[in-house]
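The values are calculated or read from the model by the stated rules, or taken from the named source; none is laboratory data. For clarity, every value in this text was computed on a predicted model and none was experimentally measured. Neighbour counts are summed over all protein chains in view; Cβ atoms, including those assigned to glycine, are modelled from backbone coordinates with ideal geometry.
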Amino acid sequence: MERGAFTREQHYLDHAATTPVLPAAARAVGAAMERWGNPSAQYSLGQNAHKELEECRRTVAGALGCQPEEVVFTSGGTESDNWAILRGAGRRGGHIITTAVEHSAVLEPVKELAQRGFEVTYLPVDRAGHVRLEDLQAALREDTVLCSMMLVNNELGSVQPVAECAKAAKAFKKDVFFHCDAVQGFLKMPFTPKELGVDALSVSGHKLGAPKGIGCLYLKKGVKLPPLILGGGQESGLRSGTEPLPMIAAFAAAVEENAQEQEGARARLAALRDYAAKALQENIADLKLLSPGDAPHILAVTLPGYKSEVVVRFLNGLGVYISSGSACHKGKPSHVYAALGLPKPWLDGALRVSFGHTSTKEDVDALVHGLQEAKAMLFTTLS
């Protein structure tokens, strides 16, 4: 790849943070707003809305590979994670197992439970960001009440051995509540909750091309989970609040489109990730890969000696958009990269590139040219 002129366009490569809304999802919002009845109302306006609500539930359940009654609509991944953890742990205390690289939507409610007297074990990861099954097995105790493990790490793309760990946890203690944050895995990786063996699983709509503010929690049939939000008893008494049908319809539309194109999209994203890894390594001196290459849509790299936030701002000026880790950190050091045990210059220079339905090789080429410009113009912090 030759270094050439950079065109002033937008090159969005931060799909793990959020995705552009799919046209089908946008149309679904408008159409559902015409059917504005309350789904809980007994007259025809409400009943028509209720029928659409349940059709959307069936669409999401079909893509997840579960029963419709196992899908509870929420405001997104953060609410789903909080609900599963704060209520799944119970009220009597005990021991919780999670990983050192979970999203803050898991780690923060776990911290809250620790302040209430629960003991917490944070499983370490190897240099590629993977949890070891033997570490989970060693951490299990008779008073373990909750395990929470993400499927795909949002900063590295590493895939955790959720199925193996859930099986081991259930074999040790049948009634341990096992939760999985699958926000970055749903319709990016092939799985069903049954195959994973989990009791609860979190999903977010805006990672799939739906608007922000909608998602769901898979709750295994027969598993009792007290509600987090109390009120009118919507969602079979599990999640109160009038269901936002336009958002749910958009979520279902995005899920349906992603499900139809899942295999082809996965191959396309993996090819684009590999193209980016090769182009960056061949054209950016000293750049190192951090990603294990598990998930098809996330590539983590580092530029040792350069501050990632400075590089991100420089690229922003060129219309190239990536992140210095999770967008949810808002500039704070990433606990995920720190858990890998990397040298400080590698931590300081960590960058995440993530792909989605709008991503092209031209976006990758623009990133390469942008990083070449950054290296030419920015001073290294290494002496």
Could you list, in sequence order, the residues of the range 253-280 that are among the hydrophobic types (A, V, I, L, M, F, W, C), surrounded by fewer than 15 Cβ atoms within 10 Å (Cβ to Cβ) and under 24 Å from T302 (Cα atoms)? A271
Can you name the condition, by its number, that E282 falls short on among (1) out of contact with any Asp or Glu (no Cβ under 8 Å at 6 or more places or on another chain); (2) closer than 18 Å to G129 by Cβ? (2)
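Can you pull out every residue in the range 63-78 that is hydrophobic (A, V, I, L, M, F, W, C) and touching a helix residue (DSSP H, G or I) at 6+ places or on another chain (Cβ under 7 Å)? Before you say what the answer is, go through the steps one by one.
Here is the first cut: in the range 63-78, the residues hydrophobic (A, V, I, L, M, F, W, C) are 63-64, 66, 71-73.
Listed by number, the residues that qualify are A63, L64, C66, V71, F73.
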So which residues in the range 88-123 are more than 21 Å from L140 (Cβ to Cβ) and in contact with a Leu (Cβ under 9 Å, 6 or more places away or on another chain), if there are any at all? E112
Confirm whether G205 is of a type in the set (G, A, S) and touching a strand residue (DSSP E or B) at 6+ places or on another chain (Cβ under 6 Å). yes
From S291, S324, S308, S236, which residue is closer than 14 Å to L351 by Cα and out of contact with any Gly (no Cβ under 6 Å at 6 or more places or on another chain)? S324
For residues in the range 98-120 being β-branched (V, I, T) and in contact (Cβ under 8 Å) with a residue 60 or more places away in the chain, which is surrounded by the most Cβ atoms within 10 Å (Cβ to Cβ)? V101
Taking the range 1-20, which residues are at pLDDT 50 or above, part of a loop (DSSP other than H, G, I, E, B) and buried (at least 16 other Cβ atoms within 10 Å of the Cβ)? L13, H15, A16, A17, T18, T19
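One line per residue, one yes/no per condition, for (1) of a type outside the set (S, T, N, Q); (2) within 15 Å of L133 (Cβ to Cβ):
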| site | (1), (2) |
| --- | --- |
| S148 | no, no |
| V162 | yes, yes |
| A166 | yes, yes |
| K170 | yes, yes |
| Q184 | no, no |
| P190 | yes, no |
If you go through E142, E164, E155, the only one that is charged (D, E, K, R), surrounded by fewer than 17 Cβ atoms within 10 Å (Cβ to Cβ) and within 22 Å of A295 (Cα to Cα) is E164
Helices (runs of 4 or more DSSP H) within the range 262-345 that include 3 or more residues free of Cβ contacts under 8 Å to residues at least 60 places away in the same chain and closer than 17 Å to D363 by Cα: 262-283, 308-317
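Name every residue in the range 281-293 that is in contact with a Phe, Trp or Tyr (Cβ under 8 Å, 6 or more places away or on another chain) and either crowded, with 18+ Cβ neighbours inside 10 Å or among the acidic types (D, E) (or both), in order of residue number. Before you say what the answer is, go through the steps one by one.
Step one: list which residues in the range 281-293 are in contact with a Phe, Trp or Tyr (Cβ under 8 Å, 6 or more places away or on another chain), which gives 288, 290.
Of everything in the range 281-293, just one residue is in contact with a Phe, Trp or Tyr (Cβ under 8 Å, 6 or more places away or on another chain) and either crowded, with 18+ Cβ neighbours inside 10 Å or among the acidic types (D, E) (or both), namely L290.
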Single residue of R35, R57, R27, R87 found to be basic (K, R), assigned to a helix (DSSP H, G or I), farther than 26 Å from L230 by Cβ and in the same structural domain as P193 (by TED's automatic domain parsing): R27
